[in-house]
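Read through the structure below, which is laid out as structure tokens, and then see the notes.
Readers should treat all values here as calculations from the given coordinates under stated rules, not as data from a laboratory. Predicted model, so just to flag it, every value in this text is computed and none were measured. Methodologically, a virtual Cβ is constructed for each residue, glycine included, from the backbone with ideal geometry; neighbour enumeration extends over all protein chains shown.
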Amino acid sequence: MSDVTTNPDEASAPPLIRARGLRREYLAARKEPFARRTRTVALDDVDLDVAAGRALGIIGESGSGKSTLIRLLLGLDRPTAGTVSVGGRPVEASASARALHWLRRETGLVFQDPYASLDPRQSVGRIVSEPLRALGIAGDHRARVAEVLGRVGLDPAMADRYPHEFSGGQRQRVALARAIAHRPRILVGDEPMSALDVTVRAQILDLLRELSADGMTLVLVSHDIGVVQNLCDDVAVMTEGRIVEHGPTARVLHHPAHEYTQRLLAAIPVIPGR
Ligand SMILES: Nc1ncnc2c1ncn2[C@@H]1O[C@H](COP(=O)(O)OP(=O)(O)OP(=O)(O)O)[C@@H](O)[C@H]1O
Ligand SMILES: [Mg+2]
């Protein structure tokens, strides 16, 4: 067997997310005197399958390509080479925002910083209902906002308030409510908990675990091995733009096959027993 194991569910169901041969290069202008362009390979020949209902954690050092991979999976950026499909539908072939409407419906995204990601001029109700309007989803948006605020543990009456009235943890709940308002099948988080303190982090972790238990597919970038260990069925380990190891969480964390994973984990204590 190779180092890069595929998802164990692959044989029974086609993956919800499939990436093949993904490459992303960046060309950056170099300063004088030569002004030549330098090439960064942010992603290098990445294959990835995520089966519906699984929770995948992506770990790896800073600059290893985690955010780049996520942007490509979400169609927020285009690969230099390779393909992505979601639900069997190609992502990279559709260029315009309009053409990617179907993908927005399938996905919700939570970022690291709940302070930067919420528009301070809009009420919480307006923020949370934004995907419903943007995607042209019919129905009673107020009712859906109330429902989804309740889902993330906030009082539905908070819909009339503004982000500055909330703590960091409450704001991240608002961001989570917005991400799931349109009932996406896939929730993607790029370090969604790293800006939060420990107690609040545990609460958001519980919420994500509930969403996962309800069948939502999760793709979560995290520096926090504890979060991955608690939440994720599978882990993909990245370094230098590649996935060097991908498999069930307990196997990867307790019996890492790749030397890079061993070094990464040696630097971080892993709680035994899972
Ligand atoms: N817009 C860009 N222009 C040029 N280079 C970029 C750009 N975005 C990312 N890179 C480079 O691509 C590589 C991968 O970056 P990426 O942001 O995907 O890493 P990451 O694993 O998410 O890191 P972190 O853990 O710090 O968020 C890095 O070398 C980065 O400098
Ligand atoms: Mg990143």
Report summary line: Cβ-Cβ cut-off under 12 Å around HIS164, Lys and Arg +1, Asp and Glu -1: the net charge is +1
Query raised in the report: What is the helix-to-structure angle for 141-151, meaning the angle in degrees between its Cα long axis and the longest Cα principal axis of the chain, kept from 0 to 90 and rounded to the nearest 10?
Result: 60
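Å³ per residue of the Cα convex hull, for the chain?
Details: hull volume 43.4 nm³, N = 274.
Spelled out: Cα convex hull of the chain, divided by residues, is 158 Å³.
Determine, from the Cβ-Cβ distance of ALA143 and ARG20 and an R0 of 45 Å, the FRET efficiency 1/(1 + (r/R0)^6), rounded to the nearest 0.05. Let's see the in-between values first.
Numbers: r = 41 Å, r/R0 = 0.91.
With R0 = 45 Å, the Cβ-Cβ based efficiency is 0.65.
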**Report entry** Separation between Cα centres of segment 67-84 and segment 224-266, rounded to whole Å
**Finding:** 21
Report summary line: If R0 = 25 Å, then ILE268 and THR199, at their Cβ-Cβ distance, give a FRET efficiency to the nearest 0.05 of 0.75
Query - Chain lengthening between ASP47 and LEU135 when straightened (0.36 nm per residue, less Cα-Cα) - result: 28.7 nm
Report summary line: Summing -39500 (n - 2.57) over every DSSP H run of at least 4 residues in the chain and dividing by its residue count gives a helix-only mean residue ellipticity at 222 nm, to the nearest 500 deg cm²/dmol, of -9000 deg cm²/dmol
Query - Computed E for ARG36/THR83 - FRET, C-beta separation, R0 30 angstrom, nearest 0.05 - result: 0.45
Query raised in the report: So, counting K/R as plus one and D/E as minus one, what does the shell of residues with Cβ under 12 Å around TRP102 add up to?
Result: +4
